[in-house]
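The values are calculated or read from the model by the stated rules, or taken from the named source; none is laboratory data. Remember, it's a predicted structure, so these values are computed and weren't measured experimentally. Note that we place each Cβ from the backbone using ideal geometry, even for glycine, and neighbour counts take in every protein chain shown.
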Amino acid sequence: MAVVVAVQQLLVALAVAALLLVVWWRLAWRPRAVARAFERQGVRGPGYTFLAGSLPEAKRLLMAGRIGVPPLDAACHDIMPILLPQFHRWVADYGRTFLFWIGPIPAVFSTDLQLIKQVLTDRTGLYQKDFMIPVLKFLFGNGVILINGDDWKRHRKVVLPAFNHEKIKSMSAVTAEVTKQMMQQWSEQIHQSEGGGKEAAAEVDMIDAFNDLTAKINGRVAFGTSHEDVEEVVVLMRAMQKLATAATLDAPILWYLPTRRNLHVRRLNKQLKNKIMYIMQARLASKDEAKCGDDLLGLLLEAWTPQRRGSGGAGETLTADEVIDECKTFFAAGQETTATLLIWAMFLLAVHPEWQHKVREEILREFPGDADSGEAAPTADVLAQLKLLHMVLLETSRLYPPIVYIQRRAAVDVELGGIKVPQGTVISIPIAMLHRDKEVWGPDADEFNPMRFEHGATKAAKDPKALLSFSLGPRVCTGQSFGIVEVQVAMAMILRKFSFSLSPKYVHKPKYLLSLTPKRGMPLILRNIDG
């Protein structure tokens, strides 16, 4: 008996020793070995801290940037020192390409456009989109923007038809209708403001206005125009967005522990999945078996229903969970980025009134009609003639891209830009910094100059693929066309009826968590242009 106990104790001791060895190798020996391997190739970076990686230094630099740096002048668009102070400092210290650590995970950060293009244009699956904080996966869903390989091809085949020309036309009508409702509220606020008359004005926070606008548009586009449960989905998604934002600055180990926040996210996610499933079932019950509707949810349901699964090929079907994930992906990714682009476009036109005047003149010329009653959606032909508006939106997406940086992960050992990169390394792509590279964009890269896009995006910089606002290559944003049209329609309608200027209350200190956003709101002073 004593021998058996001794053997058991020995096995336990060996198991514990093996576990400690694995932990020591994973958290101590390997990071230092990887750092030495990169250093031999001329790639350095901030030192590795046990378990936390480069996070302590990043947090210190972030806090210094938030507290010790005063707000910028509104006309200054050189925002990187306050937006990403840790990366701005590390580029100065270690060069255009350096190594940092996300916990024990090595990450290569680079502002070398040629290196970044090698990653984004790869079609072999070497650089995958599978690194994300777990809370964010709950929020965005494991949909077409995150999955890889054959699953991505299958999802994309189902989702892509939702963004064809005819679908975008119907989406434009929804955008126009919801925008008209928002504009009516603005007109009422102006009318009720002190004084009234031609000089009447109202202060409106564009963050609240455009988040509400895009949530309503995307909710209706995704789930239909009449379902009463869509608003509940919007509320749940917004609650998850707030929690996911807070989680982005947590130490990596906290991402996987049952913290109060993580448990709350799981509860919200369960409620959200149940609500979307309820909407799916209700849609199926209200439609005939041949067609589930022509909106995004209808297309997804066509790929999920048993009838389709029984008759179609396996490559054309989605599971119930995959349908739910795609609904979450469309709403979370599309709503946030579109609202952000609208916010910063309004800001730039408020700061540069000469461009606001030019764009408004173009819109009134190409999109005529009574400003009070002509809020039908501008047609595709009209939008094609709004060249100045399109140039402004491209320049907005360059200076203030909704997504400031993206990441990929090396699926195998690779050679990237002449650097040997081990499997599992994260490739960090700082879109906003690449958009300010004077070697690519010219000496005025930090300035607002829509004229650089006069001959299109491919001729605006020294490299035709320098604009990365919607990514690049095979994984370019699927909903890019819809997002751009949504913003064009809303801006065209707003500029026909309102002029706007920056409120004295505005503080120009952008911050970035899930998207690029003003730190203390975006208050603008609105006036009716027709008195």
- Query: Scanning the stretch 138-160 for residues that are under 16 Å from the mean Cα position of the chain (by Cα) and in a helix (DSSP H, G or I), which turns out farthest from LYS328 (Cα to Cα)?
  - Reply: PHE138
- Query: Given ASP78, ASP73, which one is exposed (fewer than 12 other Cβ atoms within 10 Å of the Cβ) and out of contact with any strand residue (DSSP E or B) (no Cβ under 6 Å at 6 or more places or on another chain)?
  - Reply: ASP73
- Query: Any chance the stretch 426-441 includes a residue that's polar (S, T, N, Q), in contact with a strand residue (DSSP E or B) (Cβ under 8 Å, 6 or more places away or on another chain) and crowded, with 20+ Cβ neighbours inside 10 Å?
  - Reply: no
- Set GLN185, GLN189: member being without any contact (Cβ under 8 Å) to a residue 12 or more places away in the chain and either surrounded by 13 or more Cβ atoms within 10 Å (Cβ to Cβ) or in a helix (DSSP H, G or I) (or both): GLN185
- Query: Just a yes or no: is a residue in the stretch 379-399 among the hydrophobic types (A, V, I, L, M, F, W, C) and over 25 Å from VAL178 (Cα atoms)?
  - Reply: yes
- Of all residues in the stretch 508-531, count the ones that are out of contact with any strand residue (DSSP E or B) (no Cβ under 9 Å at 6 or more places or on another chain) and in contact (Cβ under 8 Å) with a residue 60 or more places away in the chain. 7
- Only one of VAL108, VAL91, VAL174, VAL69 is under 30 Å from ALA380 (Cα atoms) and not hydroxyl-bearing (Ser, Thr, Tyr); which? VAL174
- Go through the residues of the stretch 225-238 one by one and say whether even a single one is over 24 Å from the mean Cα position of the chain (by Cα), at pLDDT 85 or above and not aliphatic (A, V, I, L, M). no
- Task: Could you check how many residues of the stretch 259-276 are free of Cβ contacts under 8 Å to residues at least 24 places away in the same chain and more than 16 Å from ALA246 (Cβ to Cβ)?
- Result: 2
- Query: Can you find even one residue in the stretch 83-91 that is surrounded by fewer than 19 Cβ atoms within 10 Å (Cβ to Cβ) and part of a helix (DSSP H, G or I)?
  - Reply: yes
- Message: When you scan the stretch 364-376, do you find a residue that is in contact with a Pro (Cβ under 6 Å, 6 or more places away or on another chain) and under 13 Å from GLN488 (Cβ atoms), even just one?
- Response: yes
- Counting only residues that are assigned to a loop (DSSP other than H, G, I, E, B) and crowded, with 22+ Cβ neighbours inside 10 Å, the stretch 479-505 contains a total of 1
- Message: I need the full set of residues from the stretch 442-478 which are under 25 Å from MET346 (Cβ atoms), charged (D, E, K, R) and crowded, with 19+ Cβ neighbours inside 10 Å, in order please.
- Response: ARG452
- Task: Go through the residues of the stretch 117-126 one by one and say whether even a single one is of a type in the set (Ser, Thr, Tyr) and touching a strand residue (DSSP E or B) at 6+ places or on another chain (Cβ under 9 Å).
- Result: no
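Condition check ((1) assigned to a helix (DSSP H, G or I); (2) at pLDDT 85 or above; (3) small (Gly, Ala, Ser)) across all residues:
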site: GLN9; (1), (2), (3): yes, no, no
site: LEU14; (1), (2), (3): yes, no, no
site: ALA17; (1), (2), (3): yes, no, yes
site: TRP24; (1), (2), (3): yes, no, no
site: ARG30; (1), (2), (3): yes, yes, no
site: ALA33; (1), (2), (3): yes, yes, yes
site: GLU39; (1), (2), (3): yes, yes, no
site: ALA75; (1), (2), (3): no, yes, yes
- Note on the structure: Note on the stretch 84-110: residues among the polar types (S, T, N, Q) and touching a Leu at 6+ places or on another chain (Cβ under 6 Å) are GLN86
